[in-house]
Amino acid sequence: MSALAWLAPVLLPLLAAPLALLVARGRSWVPAAAAVPALVLAFAGSPGPAPDLTCILLDVRLALDPVGRVLLALTAMVWLAAGVAARPLTARHGGFAALWLVTLAGNVGLVLAADVVTFYTCYAAMTFAAYGLIVHDRTPEVRRAGRVYIVLAVIGEALLLGGLVLAVGRTGETALAALAPALVAAADGTVHGTAPGTAIGGLLLAGFAVKAGIIPLHVWLPLAHPAAPVAASAVLSGALIKAGLVGWLRLSPLGVAPLTVLGTALIVAGLVSAFLGAAFGIVQDRPKVVLAYSSVSQMGLIATIVGVGLLVPAAAPAAVAAVATYAFHHGLAKGALFLGVGVHARTADRRGRQLAVAGTVVAGAALAGAPLTSGALAKAATKAPVGALQPPWDGRLTLATTLAAIGTTLVIARVVVLLHRAEPPTAPVDRAAAATSLVDGPASPASPASPASPASPASPASPASPA
């Protein structure tokens, strides 16, 4: 396959970003269309490394293995659907469209990256451009959420950069595939009593845990989701937090050697996130916040399986397959849930609201692992790596993941209850306003419901139904 086919998924959105600032005509379709090259590459691209790109972009190296193909397909599908939903907002705000495109380019680029410089550049571009998506509305609550996000983002970037520099310095290589040995403890050296490989691995795992929303590094998630427009929330939870998983899979020595400290730490952190994320979620009263905590819980389960792969090298292939399947299912289901909540918040007629709730139930059932859904397939895939643990830990971890799935069911039930309780908009919503609901969420209580009722203080939008 030509070099252009490999470069288009990253270069097209980057080149379109400045044009989105200058040209308004047709801009609403550009963010969605920019995800198409990545989707084509995911389904039609040849496996293995890309053609030699050094003459075009210095020493950039790209690659697409089977796991990368799954994650690239997920990323492209979520960005495509959310880009269509974001059309009313991107049409009005060129700055938002430009930041959307840069974030997309970074997200796609880190999935394809096969060298440290490309990986970190794309990771940082995605992280900092996403800040603009979160703080778009500029309200005090949104600005606070943005501050928390950027502080955690900088901490995560510092941890990640430190780990990458140490790993490259130890191996003398910049290829991602060559860095895994740097995480394996050396037999002849220690750093403050800790093997160098464990220290490097700790930095990298913690840095990626910020993006993945693992407790206690999760605090940006429940703040950013209600602050961001609904379409941005869909990509945040459906695609961007999977960047942490991409990092774990690319840089962890899965199958190389047992890493007891790192594996155990990730399992414990994952289980804590799975249970506390669900527990915090079921007591929230805003659907987007509930879904944010659900993402914390689900990413905790994914982290647990990665930890098993680190702990038991023989289980690594099954663990990688399981987390790729789980991430694909979770990303699509969670993206659908956020977009569904946005539709429900602005739909005035009863039938439309019932259809939105029905769609939420279907996506939620998949997320909870109901029979004959993608969630059931994802749950089944986790049994093999968990079964590789020694008794009695295999049975205990199986019980823990089952209880966490029950927590997910309760969280989804909470979302459905909140949607049923939410009052419809106080005035009929035309098609343009309904489309805007996918990006803007519910009407502000201070905003007039219609030109005919400029004050309408007696009938503000229900606080129980923010999107």
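The values are calculated or read from the model by the stated rules, or taken from the named source; none is laboratory data. Since the model is a prediction, treat every value here as computed from it, not as a measurement. Positions of Cβ are backbone-derived with ideal geometry, glycine not excepted, and every protein chain shown enters the neighbour counts. Heavy atoms of the whole protein, side chains included, go into the accessibility calculation; ligands, DNA and RNA do not. Shrake-Rupley method; radii C 1.70, N 1.55, O 1.52, S 1.80 Å.
Some points to look at:
- Gyration tensor (alpha-carbon) shape descriptor, segment 195-330, a/c threshold 1.5: prolate
- Correct option for Cα extents along the principal axes in Å [calculated from the coordinates] among (i) 108, 59, 47; (ii) 78, 55, 41; (iii) 93, 47, 38: (ii)
- In terms of the mean number of neighbouring beta-carbon atoms within 10 Å, the peptides 17-27, 359-369 order highest first as 359-369, 17-27.
- Cα long-axis angle, helix 316-346 against the chain (0 to 90 degrees, to the nearest 10): 10 degrees
- In Hz, Karplus ³J(HN,Hα) per residue of segment 163-178 (6.51, -1.76, 1.60; θ = phi - 60°; x = Gly, Pro): x, 5, 4, 5, 5, 5, x, 7, 9, x, 10, 10, 5, 4, 5, 8
- Ordering GLY95, ALA114, THR139 by the projection of their Cα atoms onto the charge dipole of segment 90-152, which places +1 on the Cβ of Lys and Arg and -1 on the Cβ of Asp and Glu, puts THR139 at the extreme positive end.
- Alpha-carbon centroids, segment 1-53 and segment 92-157: separation in whole Å: 18 Å
- Gain on full stretching of the segment that runs from THR139 to THR264 - 0.36 nm per residue minus C-alpha separation: 40.9 nm
- If only the Cβ of Lys and Arg carry +1 and only the Cβ of Asp and Glu carry -1, the dipole of the chain around its Cα centre is close to 1060 debye.
- Accessible area of THR75 (1.4 Å probe, protein heavy atoms only, ligands and nucleic acids ignored): about 10 Å².
- For VAL36, VAL210, the ranking by accessible surface with the largest value first comes to VAL36, VAL210, using a 1.4 Å probe.
- Principal-axis analysis of the Cα atoms of the chain puts helix 116-134 at an angle of about 20° to the longest axis.
- Taking the accessible area of the chain, probe 1.4 Å, and keeping the other protein chains in place, the carbon and sulfur fraction comes to 70%.
- Note on ILE282: accessible area is roughly 70 Å² with a 1.4 Å probe, heavy atoms of protein only.
- Computed accessible area, HIS93, all protein chains, 1.4 angstrom probe, square angstrom: 70 Å²
- The angle separating the long axis of helix 242-251 from the principal Cα axis of greatest extent in the chain is about 10 degrees.
- Between the amide H of ALA348 and those of VAL429, distances stay under 5 Å, these residues lying 5 or more places away or on another chain, with hydrogens modeled in the peptide plane.
- Note on the chain: helix-only mean residue ellipticity at 222 nm, from DSSP H runs of 4+ residues weighted -39500 (n - 2.57) and normalised by residue number, equals -23000 deg cm²/dmol.
- Segment 329-378 - Debye-derived log10 I(q)/I(0), Cα point model, q = 0.16 Å⁻¹: -0.44
- Between the beta carbons of ALA376 and LEU19, assuming R0 = 30 Å, the FRET efficiency works out to 0.10 to the nearest 0.05.
- Here the label points at SER2 and VAL417, each 7 Å from Cα along the C-beta direction, are separated by 5.7 nm in the simple model.
- Residues of type lysines that LYS211 reaches as a straight line, Cα spacing below 21 Å, ignoring anything fewer than 8 places off in the same chain: LYS242, LYS288, LYS334
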